[in-house]
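What follows is a short report on a single structure.
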Amino acid sequence: MKQRNQIDAFLSAGTDFEGKLSFKGSVRIDGRFKGEILTDGTLIVGETASLESNIRVSHIIISGEIRGNITASDRIEINAPGKVFGNIETPTLLIAEGVVFEGNCSMQKAKEPGEKKVASIKDVIKES
């Protein structure tokens, strides 16, 4: 049985990676990454990490530096000495003292399990 805090992959300090990263579970990055990250899992950005990336995740914990937009369906946590230069979107946001955040933040209610999308009358007419 997999432990909740288990890390499935790790890019250590001194690692440079460029491209598109998608994964399940949890990944920790302490090196440099440039590209796109897509997952329904957890991304941990360590203190030595430097990312130039647009990121779409479920949960992200940031202690390093990110330049790019972040969308998290569950939660964004930014811990000191973390730095985020870009827009963020999430239902839950935690920003610790000593963090640098330059960008816009959009927060909306988390989607409840089994919640149905409400269609507008315009959507119904278009489908007819």
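The values are calculated or read from the model by the stated rules, or taken from the named source; none is laboratory data. This structure is a prediction, so every number in the text was calculated from the model and none was measured. Positions of Cβ are backbone-derived with ideal geometry, glycine not excepted, and every protein chain shown enters the neighbour counts.
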Residue check, GLU77 against (1) surrounded by fewer than 17 Cβ atoms within 10 Å (Cβ to Cβ); (2) in a strand (DSSP E or B), all met but one. Which one?
(1)
On the given criteria, is GLU52 touching a Lys or Arg at 6+ places or on another chain (Cβ under 7 Å) and buried (at least 16 other Cβ atoms within 10 Å of the Cβ)?
no
Do you know which residues across the stretch 46-59 are in contact with a Ser or Thr (Cβ under 6 Å, 6 or more places away or on another chain), closer than 20 Å to ALA80 by Cα and assigned to a strand (DSSP E or B)?
HIS59
Complete set of residues in the stretch 1-25 that are surrounded by 13 or more Cβ atoms within 10 Å (Cβ to Cβ), assigned to a loop (DSSP other than H, G, I, E, B) and modelled with pLDDT under 90:
ASP8
